[in-house]
Amino acid sequence: MARRLRSAQNAPVRMGMLNILMLVIALCLVVLAVLALSTARAGAALSERQAANVRETYAVEAAGQAFVAEVDTHVAALREGGIPADRFLAALERSSAGRDDAGITRDVRTLSPAELDEALGRPAADAGTLGALEATFTGPTGHALTYVLAVEDDGTCTTLQWTSTKLWQDEALAEQLLRTDA
C-alpha cells in the first residue's frame, strides 16, 4: 500500500481531454477579444473622420448662408439707394474674397452676360436681371459649395445654382483598406 501511495505522488501530471479543451477555448476567446478591440478602434477612427467631414460641410454651408444674407442686405440697400447694379456687383466681388476664422476660403466673381444667360437658360435682358455673382466656399479638406445668385431689377435676389461637392485631392494620404498587389 505504501508503494501505491508513493507512485501516485510521484506520477507525472497528465493533461486530460478536458484540460486541452479548456486551453483551446481560452485561446479562441483571446483571439476574439483582440479582434473585437481592433474592430472597435477602427469604428471609432471612422466615426471621427465622418464627424470631421460633417463639421466641415456644415461650416461651409453656414458660410454660404451668411454670404446669401449679406447679399440680400446689400440688394435691399441697392433698391433703396439707387446704386447701379454693376458698381454694386463689382464692389461686392472685391470685398468678399478672403478666408474666415474656420479656414473656409471665399471666392466671389461676377458673371459675364453670356455666363448669366447660360445659368438662367434664357437671355438675361429679357428676364429683368441686372447681374449675377458666383461665390465658391471651400473648406480646409476640400468641401466646396458654389452659389450663383442673380440680382433682379425689382431689388430681389434669386438663387440660380447651389452645388455642394468634395474636391478630389490626388496628393492626399489615403488609408489603404485593401492591398491587391501582394
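Assuming R0 = 35 Å, what is the FRET efficiency of L21 and S47, from their Cβ-Cβ distance, to the nearest 0.05? It comes out at approximately 0.35.
Protection proxy ranking for 66-73, 129-136, using the average of other Cβ atoms within 10 Å per residue and placing the highest first: 129-136, 66-73.
Taken together, the values in this text are just the output of simple stated rules run on the coordinates, not laboratory data. Please read all numbers here as calculations on a predicted model, not as lab measurements. FYI the Cβ positions are ideal-geometry reconstructions off the backbone, even for glycines, and counts take in every protein chain you see.
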